[in-house]
Amino acid sequence: MKEYTPSVEIVGSAAAAAERAAERIIAWMSNRSPLTLGLATGATMTPLYARLVAAHRAGLISFREVTSFNLDEYVGVAAGSPASFHRYMQDHLLEHVDIEAARARIPNGMADDVAAEAASYEEQIAASGGIDLLLLGIGANGHIGFNEPGSNFASRTREVSLDETTRIANAGGFSDLASVPRRAITMGVATILEARHILLIATGSEKAAAVAAAIEGPIGSACPASALRLHRNVEIICDEQAAAALATWPQKKDRRRA
């Protein structure tokens, strides 16, 4: 395995991280058409999507030639549920831009045959020509997508069991912890690594240990995000809180505050 050094940019705040990531995505969208994007959900992504929607409304970008593939979805949660990632994407991005509905792909967590749904999703990604730019967050336990610690780096889109720490972190979208799904469909680590370019955003002190493990720790399944160092085109944007445990990137600090 050849290891690569990711590009790491440290900015002063979560808002500045969202702004910088939006700038990078807008630049990609302005210079490449058609474009296939891999999309993530969660609190880290919400301000980023708000900036992309604003850029679209300002006429700076169009999603007309964009195909998107979301990283994951809960198993057993209907697309219309407020807690689903389908609903999240509609609320924060898809309903506000000019993407064609048929080109915005999200795994179907209600599929009768989840394994067949996962295989079909892999086929759809391949048929699109692969993902040009994949947006990632990182879990406090180092997961990317829902590839929890222990995930095989050769894994493809599949059904997975969610770590208890992940369920607790995601409980805010549900009435109580017992309602949080225990299983999900996620792109696999190998699927993620086939993207041509990867942009990871991390904000908040709760992500600091995972960011340090991903960038400076051993490469292995204990920290699935460490697999990103096997990819030659990875950019990481994090705020100072998420970067607090890093030892080797202090000179990269931008310190912009928004």
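The values are calculated or read from the model by the stated rules, or taken from the named source; none is laboratory data. Everything numeric in this text was worked out from a predicted model, so none of it was measured. Don't worry about glycine lacking a Cβ; one is built from the backbone with ideal geometry, like all the others, and counts go over all protein chains shown.
Consider Met89 carefully, then state whether it is in a helix (DSSP H, G or I) and closer than 22 Å to Gly188 by Cα. So Met89 fits the description; yes. Please work out which residue is surrounded by the most Cβ atoms within 10 Å (Cβ to Cβ), limiting yourself to the range 211-247 and to residues that are within 16 Å of the chain's Cα centre (by Cα) and part of a strand (DSSP E or B). Ranking the qualifying residues of the range 211-247, first place goes to Cys238.
Scanning the range 20-39 for residues that are of a type in the set (A, V, I, L, M) and touching a Gly at 6+ places or on another chain (Cβ under 7 Å) turns up nothing.
Residues of the range 178-200 that are surrounded by 17 or more Cβ atoms within 10 Å (Cβ to Cβ), more than 23 Å from His231 (Cα to Cα) and small (Gly, Ala, Ser): Ala184 alone. Could you check, for the range 49-56, whether at least one of its residues is on the phi < 0 side of the Ramachandran plot, touching an Asp or Glu at 6+ places or on another chain (Cβ under 9 Å), surrounded by fewer than 21 Cβ atoms within 10 Å (Cβ to Cβ) and not in a helix (DSSP H, G or I)? No - not one qualifying residue is present in the range 49-56. For the range 17-63, filtering for residues that are touching a helix residue (DSSP H, G or I) at 6+ places or on another chain (Cβ under 9 Å) and not aliphatic (A, V, I, L, M) leaves 15.
Residues of the range 171-207 that are part of a helix (DSSP H, G or I) and either at pLDDT below 95 or touching a Leu at 6+ places or on another chain (Cβ under 8 Å) (or both): Ala171, Gly172, Gly173, Leu177, Ala178, Ser179, Ile192, Leu193. Against the conditions (1) part of a loop (DSSP other than H, G, I, E, B); (2) closer than 25 Å to Pro107 by Cα; (3) of a type in the set (Phe, Trp, Tyr), Tyr4 satisfies every one except (2). Look at the range 67-85: where a residue is free of Cβ contacts under 8 Å to residues at least 60 places away in the same chain and a partner is part of a loop (DSSP other than H, G, I, E, B) and crowded, with 22+ Cβ neighbours inside 10 Å, sitting 6+ places away or on another chain with Cβ atoms under 6 Å, you get Asn70/Ile106; Ser84/Val77; Phe85/Thr41. When Ala18 is tested against (1) in contact with a Leu (Cβ under 9 Å, 6 or more places away or on another chain); (2) surrounded by fewer than 22 Cβ atoms within 10 Å (Cβ to Cβ), only condition (2) is not met.
Condition check for Ala208 on (1) under 24 Å from Ala16 (Cα atoms); (2) of a type in the set (Gly, Ala, Ser); (3) in contact with a Phe, Trp or Tyr (Cβ under 6 Å, 6 or more places away or on another chain): one failure, at (3). State yes or no: is Arg105 without any contact (Cβ under 8 Å) to a residue 40 or more places away in the chain, closer than 14 Å to Leu37 by Cα, within 17 Å of the chain's Cα centre (by Cα) and surrounded by fewer than 20 Cβ atoms within 10 Å (Cβ to Cβ)? Answer is yes for this residue. Given the condition touching a His at 6+ places or on another chain (Cβ under 7 Å), under 29 Å from Arg20 (Cα atoms) and surrounded by fewer than 21 Cβ atoms within 10 Å (Cβ to Cβ), answer yes or no: does some residue in the range 132-143 qualify? Checked the range 132-143: at least one residue is touching a His at 6+ places or on another chain (Cβ under 7 Å), under 29 Å from Arg20 (Cα atoms) and surrounded by fewer than 21 Cβ atoms within 10 Å (Cβ to Cβ).
Would it be correct to say that Arg103 is more than 24 Å from Arg182 (Cα to Cα) and of a type in the set (Lys, Arg)? Yes, satisfied. May I ask you to verify whether Ala190 is within 18 Å of Asn70 (Cα to Cα), in contact (Cβ under 8 Å) with a residue 12 or more places away in the chain and touching an Asp or Glu at 6+ places or on another chain (Cβ under 8 Å)? The answer is no for Ala190.
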